Amino acid sequence: MMSRPIQLQRGTALVVSLIMLTLITILVVTALNLGSANFRAVSNAQFRDEAIAAANLAIQSRISSTFLDPPATTTDPVDIDNDGTADYVVQITPTCISASVAETADPSSAALPPAMSLASTWDTVWDIAAVVTDDTTGASVVVHAGTRVLLGQADRDRACPG
């Protein structure tokens with residue numbers, strides 16, 4: 001019987017398998033990092049969109065109120081998800097941009113008393129700035145909206161001097 005020569009194992013299979021295991025591990029870690037980066041990007045976009053929605057809600061609330069008081073910065077809590085707690089705090093700053101004498105009466109103002117005649121009716125243009133900064137999510141946005149408001153002389157003098 002012929003004996004086989006003893007083969008020395010050189011560990012090539014072990015080295016190749018360790019290299020392949022390292023490459024696969026690097027691929028998996030890279031895929032996890034890309035997935036978490038995409039998740040953070042989507043979360044940031046959602047937080048930004050919610051902050052813009054909160055700013056728009058606060059602006060609409062301010063526009064629907066009267067413009068009879070001198071403009072001042074107010075802080076409005078906004079509940080986006082209607083759960084009873086304020087999700088965002090919005091700082092609203094109305095600024096009177098211009099005021100000009102109304103040249104023609106709007107159809108809705110034709111039945112106004114004499115104190116609100118054409119000579120004492122003013123077209124005022126307002127910039128409403130809403131600033132939302134949320135420390136929890138890091139969202140921070142500034143939204144501007146413009147509106148035109150028809151004011152009487154006394155209201156114009158008080159709310160939009162100059």
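Taken together, the values in this text are just the output of simple stated rules run on the coordinates, not laboratory data. Bear in mind the structure is a predicted one, so any value in this text is a computation, not a measurement. Glycine also receives a Cβ, built like all others from the backbone with ideal geometry; neighbour counts cover every protein chain displayed.
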Worksheet item: In terms of modelled amide H atoms, which long-range or inter-chain residues lie less than 5 Å from the amide H of residue 121?
Response: 102
Fill in: Segment residue 26-residue 10, length gained on full extension (0.36 nm per residue, minus Cα span)
3.1 nm
Worksheet item: Between residue 139 and residues 5 or more places away or on another chain, which pairs have amide H atoms under 5 Å apart, with H built 1.01 Å from N, and which residues are they?
Response: 134
Worksheet item: So for the pair residue 49, residue 153, with labels modelled 7 Å out along Cα→Cβ, what separation do we get in nm?
Response: 5.1 nm
Worksheet, complete the sentence: Rounded to 0.05, the calculated FRET efficiency for the beta carbons of residue 125 and residue 79 at R₀ = 30 Å is 0.50
Fill in: Cβ-based exposure ranking for 10, 156, in which fewest neighbours within 10 Å come first
10, 156
Item to complete: Report the full-extension gain for the segment residue 135 to residue 98: residue separation times 0.36 nm, less the Cα-Cα distance, to one decimal in nm.
Response: 9.8 nm
Worksheet item: Per-residue HN-Hα couplings for the stretch 16-27, Karplus 6.51 cos²θ - 1.76 cosθ + 1.60 at θ = phi - 60°, whole Hz, x for Gly and Pro?
Response: 4, 5, 5, 5, 5, 4, 5, 4, 5, 4, 5, 4
Item to complete: Quickly work out the residue 42-to-residue 68 label distance, labels modelled 7 Å from Cα along the C-beta direction, and quote it in nm with one decimal.
Response: 5.0 nm
